[in-house]
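Each remark here refers to the structure printed beneath this line.
What follows is calculated from the coordinates using simple rules that are stated; it is not laboratory data. Keep in mind it's a predicted model, so treat the numbers as computed, not measured. Here the Cβ positions follow ideal geometry from the backbone for every residue, glycine too, while neighbour counts run over all protein chains shown.
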Amino acid sequence: MCVNQKCFLSLKAVVILYSFLFAVSGCTQPTPWPKPEPEPTTPVPPVRQRPTTSTTTVKKSSDGPSDWIPASATERRWSAIIIHHTATSNGNAAKINEEHLKRGWEGIGYDFLIGNGTDSDDGEVEVTFRWSRQIQGAHCGGTPNNWANEEGIGICLVGNFDETVPTAKQMQSLVKLVRFLQQRYGIPNNRIYGHGTTPGGHQTDCPGNNFPMWRFKSML
Ligand SMILES: [Zn+2]
């Protein structure tokens with residue numbers, strides 16, 4: 001047993017040495033390990049539900065006179081709207097129907113006619129038999145597979161817009177009618193044509209050089 005002074009000092013030295021080594025080893029006071037930074041999380045975009053649309057292109061809307069709404073069972077898949085003028089100063093659906101019958105056609109080639117106050121009221125919308133019966137038009141020849149008559153709704157304004165301009169009431173009715181048709185069939189503005197700018201159609205200046213196409217589209 002070590003009891004003398006020398007031994008005691010040696011023992012003390014050993015204790016100091018151990019204390020020193022223990023301190024150097026870093027074990028005296030455990031250093032808290034830095035907490036890891038939280039992983040940056042990528043925000044998850046909200047899941048959008050696809051709208052459950054019907055397979056049909058027909059969108060029901062009743063925002064229009066009842067005679068603008070054909071029997072749904074016979075509605076065609078209309079994809080475009082084509083604007084015309086009669087290139088005459090006056091007229092109505094009955095008169096144009098007679099003229100077109102004389103040409104050997106089935107009758108008036110348009111779906112709608114908008115009067116200018118001569119042979120029908122100013123801004124009056126007349127619905128023709130083609131629209132009522134949902135048969136193809138006869139207003140825009142020359143397009144591939146006759147698409148403009150098969151899928152294009154023909155709207156004609158009474159007047160010669162190389163010489164005059166449509167009346168304000170004609171334009172109001174045209175905007176109302178076209179909005180109704182766009183909503184019902186999902187037709188965008190870029191599928192609304194003047195007769196002469198219908199892709200693939202015959203060359204013509206119909207609906208006249210004065211027809212305000214850009215202003216009309218800005219009103220839709
Ligand atoms: Zn035309």
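Summary of values
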| read-out | value |
| --- | --- |
| Lysine pairs meeting the criterion (Cα under 27 Å, 8 or more apart or interchain), as found in segment 78-218 | 4 |
| Dipole axis of segment 78-218 (+1 Lys, Arg; -1 Asp, Glu on Cβ), positive-most option in C206, I114, S173 | S173 |
| Sorted by Cβ density within 10 Å, fewest first, the residues V127, V165, V178 | V165, V127, V178 |
| Fewest-first sequence of K217, K102, K176 by Cβ atoms within 10 Å of each Cβ | K102, K217, K176 |
| Residue order, fewest to most beta carbons within 10 Å, for E151, E98 | E98, E151 |
| Calculated FRET efficiency for the pair E163/T197, C-beta based, R₀ 30 Å, to 0.05 | 0.90 |
| Relative contact order [Cα under 8 Å, 6+ residues apart], segment 78-218, whole percent | 34 percent |
| Relative contact order computed over segment 137-220 (Cα-Cα under 8 Å; 6+ residues apart), in percent | 38 percent |
| Estimated translational D of segment 110-170 in µm²/s (Stokes, Kirkwood radius over Cα pairs; 10 °C; 1.306 mPa s) | 127 µm²/s |
| Sequence-distant residues sharing a close amide H with G64 (under 5 Å, placed H) | none |
| Counting all C-alpha pairs of segment 78-218, share separated by more than 22 Å (%) | 30 percent |
